1. For the stretch 22-31, take each phi angle, set θ = phi - 60°, evaluate the Karplus expression 6.51 cos²θ - 1.76 cosθ + 1.60, and give the result in whole Hz per residue in order, putting x for glycine and proline.
2. How large, in percent, is the carbon and sulfur part of the accessible surface of the chain at a probe radius of 1.4 Å?
3. Of the candidates S70, S62, S20, which one comes out as most mobile in a Gaussian network treatment of the chain with C-alpha springs shorter than 10 Å?
4. What FRET efficiency do you get for S122 and T68 if R0 is 25 Å and r is their Cβ-Cβ distance, rounded to the nearest 0.05?
5. Report the full-extension gain for the segment E15 to I56: residue separation times 0.36 nm, less the Cα-Cα distance, to one decimal in nm.
6. Normalised radius of gyration for the chain, please: alpha carbon Rg relative to 2.2 N^0.38 Å, two decimal places.
7. Please get the size of the charge dipole for the stretch 31-123, origin at its Cα centre, with Cβ charges of +1 on Lys and Arg and -1 on Asp and Glu, quoted in debye to the nearest 20.
8. Taking amide H positions as placed in the peptide plane 1.01 Å from N, state which residues far from R71 in sequence (5 or more) or on other chains have amide H under 5 Å from it.
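The values are calculated or read from the model by the stated rules, or taken from the named source; none is laboratory data. What you see is a predicted model, and the numbers here were worked out from it, not measured in a lab. Here the Cβ positions follow ideal geometry from the backbone for every residue, glycine too, while neighbour counts run over all protein chains shown. All accessible areas refer to the heavy atoms of the entire protein, side chains included, with ligands and DNA or RNA removed. Shrake-Rupley method; radii C 1.70, N 1.55, O 1.52, S 1.80 Å.
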Amino acid sequence: VQLQASGGGLVQAGESLTLSCVASGRALSNYAVGWSRQAPGKEREIVALISWNGYITDYSDSVKGRFTISRDNAKKAAYLQMNSLKPEDTAVYYCAVGVSTSAIRSSTIAGDWGQGTLVTVSS
């Protein structure tokens, strides 16, 4: 499955942004989806996960309550709604798929994290 993340940009602290992850090739519905981010000089952080049917979601403590992951299997897309953005959310955001949310959390993904989309939050 090839994925393309988009929707990043420059926003001010407190504002919102929605990222999209669109799949080409195989159906997205066969997979769990994860969003990760990586800031300069920092390790990759997996911030949100969603099961293949959307029934299970999981978030890192750093974004819990502010970010919402969702998916539309008919559109072969997943989304990351980001509210109350903070300067520390500045990073390149990536999406990837795996056989389960647990697999993605353990970095067992199908393919790679792709090119990502840059989110910059100014204070």
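1. Using θ = phi - 60°, the values come out as 10, 9, 10, x, 5, 5, 5, 5, 7, 10 Hz.
2. Of all accessible area on the chain, carbon and sulfur atoms account for 49 percent.
3. Ranking S70, S62, S20 by mean-square fluctuation puts S62 first.
4. 0.65
5. 12.1 nm
6. After normalising by residue count via 2.2 N^0.38 Å, the value is 0.96.
7. Charge dipole of the stretch 31-123: 160 debye, to the nearest 20.
8. Here the answer is Y79, since their amide H atoms fall under 5 Å of that of R71.
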